[in-house]
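A short write-up of the structure that comes next.
The values are calculated or read from the model by the stated rules, or taken from the named source; none is laboratory data. All values reported here derive from a predicted model rather than from experimental measurement. Here the Cβ positions follow ideal geometry from the backbone for every residue, glycine too, while neighbour counts run over all protein chains shown. Note: accessible area is taken over every heavy atom of the protein model, side chains too, but ligands, DNA and RNA are not part of it. Shrake-Rupley method; radii C 1.70, N 1.55, O 1.52, S 1.80 Å.
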Amino acid sequence: VQLQASGGGLVTAGGSLRLSCAAPDISFEINVMGWYRQVPGKQRELVASISSAGNTNYGDSVKGRFTISRDSAKNTVSLQMTNVRPEDTAVYYCNAHLLLGMSYWGKGTQVTVSS
């Protein structure tokens, strides 16, 4: 099972970008969906997550700039990125964590923010 992420690319600092992710092959209930990011040499870090109840959690560096949303009926999650900064440059991965305990990842989408 692999999640399908899209929307990455090159954006100028201060601009906006929207990432989307779908989990069409998951038939069990998804508890939490989220976005993580990773740069070379560093650990993967949480960007934002959203529970099935709609509770959200954001990494400190993106609070007030990024917004996560979810369509549980369609098993999709999106990340609206605004006022992006060069330090937001990373590979972004979407994640789906099931109530059963399994966790699935997308292949990653590159986001590059130019100054």
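For this structure, a couple of remarks:
- Fraction of alpha-carbon pairs over 13 Å apart in the range 19-64 - percent: 64 percent
- Accessible area per residue, Å², the chain with all protein chains present, probe 1.4 Å: 52 Å²
- Here Lys107 is the anchor, and the lysines within straight C-alpha reach of less than 24 Å, apart from those fewer than 8 places off in the same chain, are Lys42, Lys74.
- Carbon-plus-sulfur accessible fraction, the chain (probe radius 1.4 Å, protein heavy atoms only): 47%.
- Kirkwood radius and radius of gyration were both taken over the C-alpha atoms of the chain, and their ratio Rg/Rh is 0.95.
- Think of each Lys and Arg Cβ as +1 and each Asp and Glu Cβ as -1; about the Cα centre, that makes the dipole of the chain roughly 180 debye.
- The mean of 1/r over all pairs of different alpha-carbon atoms in the range 46-114, once inverted, gives a Kirkwood hydrodynamic radius of 13.1 Å.
- Mean Cα-pair separation over length for the chain, i.e. relative contact order, pairs under 8 Å, 6 or more apart, %: 38 percent
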